[in-house]
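Note sheet for the following structure.
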């Protein structure tokens, strides 16, 4: 009798660098019997390709979950701790419990199961690449939704990242509710 393979979840986040919006994490347990072609680090894929892969990953995975930490949590905890919190929430929201969690980067959230950090894991471990795609697509959609609430900032275009356009809007409009007050460019405007 063959023993079942241990369930391994890949975890990654999107949105550590922006000046606004949540940090979003995803956890994915891929099914070895149903591989998804084309999974890669989300930053290496076009938005259209990420949008194509997202439903394929969700359909083929044994389990997947997406979770966030909001701006208030980012400002209260710091971006690293908020990212780890979002990752922990994503793992805990999985419909199946993994025996091992592989995390992109050099830090792991505090989990009840074993976890291993892998620098560059989003490019080398398919489950982490899948998680990077789900996190990025989810966060981008959230920033497009927030753009409708705060149209003066251009969130649908730059997703809250510190682009020239975003800096100009910040100077003209001042920060809105979804800006991260603990981040230097926003903090300096409020000083």
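What do you reckon, is residue 137 under 17 Å from residue 13 (Cβ atoms), in contact with a helix residue (DSSP H, G or I) (Cβ under 7 Å, 6 or more places away or on another chain) and surrounded by 14 or more Cβ atoms within 10 Å (Cβ to Cβ)? Reasoning before the result, please.
Details: under 17 Å from residue 13 (Cβ atoms): yes; in contact with a helix residue (DSSP H, G or I) (Cβ under 7 Å, 6 or more places away or on another chain): yes; surrounded by 14 or more Cβ atoms within 10 Å (Cβ to Cβ): yes.
When the stated conditions are applied, residue 137 passes them.
Conditions first: (1) surrounded by 13 or more Cβ atoms within 10 Å (Cβ to Cβ); (2) in a helix (DSSP H, G or I); (3) at pLDDT below 95. Residue 40 passes all but one, so which condition is the exception?
So residue 40 meets the others, but not (2).
Would you check which residues across the range 72-83 are in contact with a strand residue (DSSP E or B) (Cβ under 9 Å, 6 or more places away or on another chain) and surrounded by fewer than 24 Cβ atoms within 10 Å (Cβ to Cβ) and list them? Write out each step before concluding.
Restricting attention to the range 72-83, the residues satisfying the condition of being in contact with a strand residue (DSSP E or B) (Cβ under 9 Å, 6 or more places away or on another chain) are 73-74, 77, 79, 81-83.
Scanning the range 72-83 gives 73, 77, 79, 81.
Can you spot a residue in the range 46-60 that is crowded, with 22+ Cβ neighbours inside 10 Å, touching a strand residue (DSSP E or B) at 6+ places or on another chain (Cβ under 8 Å), modelled with pLDDT of 95 or more and closer than 19 Å to residue 136 by Cα?
Within the range 46-60, one or more residues are crowded, with 22+ Cβ neighbours inside 10 Å, touching a strand residue (DSSP E or B) at 6+ places or on another chain (Cβ under 8 Å), modelled with pLDDT of 95 or more and closer than 19 Å to residue 136 by Cα.
Would you pick out the residues in the range 182-191 that are more than 20 Å from the chain's Cα centre (by Cα) and either loosely packed, with under 14 Cβ neighbours inside 10 Å or touching a residue at least 40 places away in the same chain (Cβ under 8 Å) (or both)?
From the range 182-191, those more than 20 Å from the chain's Cα centre (by Cα) are 184-191; that's our starting set.
Residues satisfying the conditions are 184, 185, 186, 188, 190, 191.
Go through the range 171-180 and report how many residues are assigned to a loop (DSSP other than H, G, I, E, B) and under 16 Å from residue 146 (Cβ atoms).
5
Return yes or no: is residue 33 at pLDDT below 95, over 20 Å from residue 118 (Cβ atoms) and exposed (fewer than 14 other Cβ atoms within 10 Å of the Cβ)?
The answer is yes for residue 33.
Would you list the helices (runs of 4 or more DSSP H) that sit entirely within the range 52-124 and hold 3 or more residues that are within 16 Å of residue 26 (Cα to Cα) and free of Cβ contacts under 8 Å to residues at least 40 places away in the same chain? Give the derivation first.
Details: elements: 71-77, 79-92, 121-124.
By residue number, 79-92.
Only residues that are closer than 18 Å to residue 79 by Cβ and not in a helix (DSSP H, G or I): list them for the range 181-191, please.
The answer is 181, 182, 183.
Which condition number in (1) closer than 17 Å to residue 61 by Cβ; (2) touching a strand residue (DSSP E or B) at 6+ places or on another chain (Cβ under 8 Å); (3) part of a loop (DSSP other than H, G, I, E, B); (4) in contact (Cβ under 8 Å) with a residue 60 or more places away in the chain is the one that residue 160 fails?
(1)
For residue 101, state whether it is under 30 Å from residue 187 (Cβ atoms), crowded, with 22+ Cβ neighbours inside 10 Å, in contact with a strand residue (DSSP E or B) (Cβ under 7 Å, 6 or more places away or on another chain) and at pLDDT 95 or above.
The answer is no for residue 101.
The values are calculated or read from the model by the stated rules, or taken from the named source; none is laboratory data. Quick caveat: nothing in here was measured; it's all calculated off a predicted structure. No Cβ is skipped: glycine too gets one built from the backbone with ideal geometry, and neighbour counts run over all protein chains shown.
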